[in-house]
Structure formats: structure tokens, C-alpha cells
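Asks: This is the structure I have questions about; it appears just below.
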Amino acid sequence: MSNVTIRVKPISAGAIKRAGIHNNRLYTELGFDTPENIKIGQSVLNKSYVIIDGIETNKSLKDTIYYRIKEAGVQERKNSVMALEYIVSGSPDFLKAYTPSKHFANCVNFLEKKHGAKNIVAIAEHYDETNPHSHIIVVPIIKKEVRWKRSKGDGFIEGKKEENRLCARDFTGNRDMLRKLQDDYFEHCVPYGKECGVILERGTKVEDQTKKYLGKTYHEMGLINEALEKNNQLAQEANRLYKIGKENIEEYQKKLKETNEQNQKLQALKDKMNRDLNIILERQGDKERKNNLMKEGGKEIKRQEGKAKDKKQSRGNDFGMGM
């Protein structure tokens, strides 16, 4: 049986990163285990775009979603659904006859009519799983009429105004909406089946599709969450070791500074002692020289006295002899 399929799931703020990892195949790059159903060798065939106003951008999926919300002047509310992710595909015979790229382009046209082109922020085409499919991420912004009321004097005045709001429930709020999505999508694709000679029939019920898809998605999300938790633990341990290393370095630097200060004080004391010692030695030398001079002077005086005495005696002797 030839058919086309469409599924949709809400993306909360906390799930945007996981959607980006899966759609852009960032498992290996971020250190996660690649799900078993992905044929890594065929991932080179995939195409992935993040879009602002229909133009491809290098911004992350998260930044692009928030950019669109801000651009539309939407007031984000707590626990808001930030985006809707549509997953579109078809049976192998239809995709082979019509080609996946043409089918995915028509699916984008279908969602542009439903949500507006500016609200489509990412497209990913996957050819590395069992069947080619495309993920199309939409920010569910619609213009709504809201009532306002404010006090004036003793009473109130009321009015209406239009404002942009995030309204995922207006598209996926109940089963009737999901059934209508399936019907509208099928009717949109029927002409393309005829174009390539394939008769399309309504596929499985939306409840069965959603249940199967969610089961697979939750499994993948569980693997990603497990890997994220493991990486967070590694990051915490690395941060702990960094802090210990930093504290050790600071303690070493403190001790080094104290040692240098002590060395400077000891060197200054040593220099002072050398100066004092030199002064003492100089004084000691002066004293010794003085003593030596005194000794030499005493000897000289004695010699002079001896000479005078000898001379006197010599004169006396001469006088006696003359008598």
C-alpha cells in the first residue's frame, strides 16, 4: 500500500538541544553514542538547514527559535511549547517514484500554508535510517484577538486587540486536530502520487503512528539524557580537580612569597653584619697600629735616653781624666 505519513510532537525549551543533536547528527561530535537505527555511513547524504526569514543561517536551533519569538513580539510564558516538530515521509515505492527531495519540498509548502513561511526555522532531511524522512521545525506563532480591561475612575473600560502568541494547542490540542492534520496532508499529497503514477491511500491511524513514533523518540531521548548526565558528571569532576589544583597553586605561591620575603630579610641582616664586622676589623686594625706605634715610640725614647746617659758618662770620664 502506497502512503504518506506525517507526525508532530511539541518541543519544550528543555528539548530544543536534544532535537538539534538528533537532526544534525551531533552524537559523535558531542561524545554521545549514536542510536543503533542510524547507518553512520549514509549520514553524508543528510541535509540540515536552520532558517531565518527563509534564508539559511549559522545560528543554532535554539538561537533561531528565540530570535523568531522575539521578532514576532511574543511574550514567552512559563512551560510554553517553543516549537512543533513535524516528521514527514512516505512509502518506499512512492519516494522512489517521486524522489524524497521533491516530496520533502512539497511538505515544506504544506506547512508554510499552515503556519506561515517565517515560522519555519529548521529543516533536516535524513537518509541514514530505515526510510528517508524529513524533520521540519515550526514556531507555532499565530495572531490572536485578546480582550483587555482596565480601571478608569469608578469603573472599567474594555476593548480588544490583536497580538502574536505561541499557540501550539491550536494545532495539536486534541485528536480531532491531529486527524484533520492527517486528512489535509493526505489530500495535499494525492496529486503528487498521480503525477508519478502511484495511487496513495490513507495510512495507519494517527494514534498508532504517534504511539510508535513517541516510543522510538523517547528511547532516543533517554539515551541522550543518559549521555548528558554522564558528561555533566565528568564536567563536575573536572571542575573539582581544577579547584583543588588552583588552591594548591595559590598555596604554593603564598609560601614562595613568604620564603622570598624571609630570604630578603636574612640577606639584609647578613649585609648589615658584614658592614659591622668590617667596621670592627678596621677599628681593631687602627688600635693595633697605634699600639705598635706606641711600642716603637717607647723603644725610641729609651734609645734616646740611653744615648744621653752614655754621652753624660763619657763627659764625666773625660773630666776625671783631665784632673
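No lab work stands behind these numbers, since they all come straight from the coordinates. In this text the structure is predicted, and so the values were computed from the model without any measurement. Every residue, glycine among them, receives a Cβ derived from its backbone with ideal geometry; neighbour counts consider all protein chains shown.
Asks: Using a Cα-Cα cut-off of under 18 Å, which lysines could be cross-linked to K62, ignoring same-chain neighbours fewer than 8 residues away?
Replies: Hits, sequence-local ones excluded: K9, K17, K70, K78, K118.
Asks: Lys/Arg Cβ at +1, Asp/Glu Cβ at -1, dipole of region 1-134 taken about the Cα centre: which of I6, P35, A124 is farthest positive-ward?
Replies: I6
Asks: Points 7 angstrom from Cα along the Cβ direction at A268 and N37: gap in nanometres?
Replies: 7.7
Asks: Assuming a ≥ b ≥ c are the square roots of the Cα gyration tensor eigenvalues, decide whether region 44-125 counts as rounded (a/c under 1.5), prolate (otherwise, with a/b larger than b/c) or oblate.
Replies: Here region 44-125 falls in the prolate category.
Asks: Follow-up question, since we're still on this one. Treating the beta-carbon of each Lys and Arg as +1 and of each Asp and Glu as -1, no other charges, what is the dipole magnitude of the chain about its Cα centre, to the nearest 20 debye?
Replies: Using only the charged Cβ atoms, the result is roughly 2160 debye.
Asks: Does the chain come out rounded, prolate or oblate, given a ≥ b ≥ c as the square roots of the eigenvalues of its C-alpha gyration tensor, rounded meaning a/c under 1.5 and, failing that, prolate meaning a/b above b/c?
Replies: Details: a/c = 6.50, a/b = 3.76, b/c = 1.73.
Note, shape of the chain comes out prolate.
Asks: Additional query: So how do T34, T28, T5 line up by other beta-carbon neighbours within 10 Å, fewest first?
Replies: On the way: T34 15, T28 11, T5 20.
Taking fewest neighbouring Cβ atoms as first place, the list is T28, T34, T5.
Asks: If you line up the long axis of helix 175-195 against the longest principal axis of the chain, both from Cα atoms, how many degrees apart are they, to the nearest 10?
Replies: 80
Asks: About the Cα centre of region 10-75, what is the dipole size in debye to 20, counting +1 per Lys and Arg Cβ and -1 per Asp and Glu Cβ, all else neutral?
Replies: 80
Asks: So if each residue of separation counts as 0.36 nm, and I subtract the Cα-Cα distance between K17 and R303, what length gain in nm does that give? Write out the running numbers ahead of the final one.
Replies: Numbers: separation 286, 0.36 × 286 = 102.96 nm, distance 11.55 nm.
Going from the current span to full extension adds 91.4 nm.
Asks: For the chain, which span is the longest to avoid every loop-located (per DSSP) member of trypsin sites (Lys or Arg not before Pro) having at most 10 other Cβ atoms inside 10 Å?
Replies: Looking at the chain, 79-323 is the longest stretch - no exposed trypsin sites (Lys or Arg not before Pro) with at most 10 other Cβ atoms within 10 Å.
Asks: Let me ask another. If each residue of separation counts as 0.36 nm, what is the full-extension length gain between N131 and N174 once their alpha-carbon separation is subtracted?
Replies: In short, 12.7 nm is gained.
Asks: Same structure again: Estimate the FRET efficiency between E76 and D183 by the formula 1/(1 + (r/R0)^6), using the beta-carbon distance for r and 35 Å for R0, to the nearest 0.05.
Replies: 0.65
Asks: Sticking with this structure for a sec: At what distance in nm do the modelled label points of E195 and E296 sit from each other, each positioned 7 Å from its Cα along Cα→Cβ?
Replies: About 12.8 nm separates the two model spin labels.
Asks: Of T57, S91, L26, which is farthest on the positive side of the dipole of region 1-147, counting Cα position, with +1 on Lys and Arg Cβ, -1 on Asp and Glu Cβ, and the Cα centre as origin?
Replies: Looking along the dipole axis, the top candidate is T57.
Asks: Specify the residue with the greatest mean-square fluctuation among S43, S12, S151, computed from a Gaussian network of the chain linking alpha-carbon atoms under 10 Å apart.
Replies: S151
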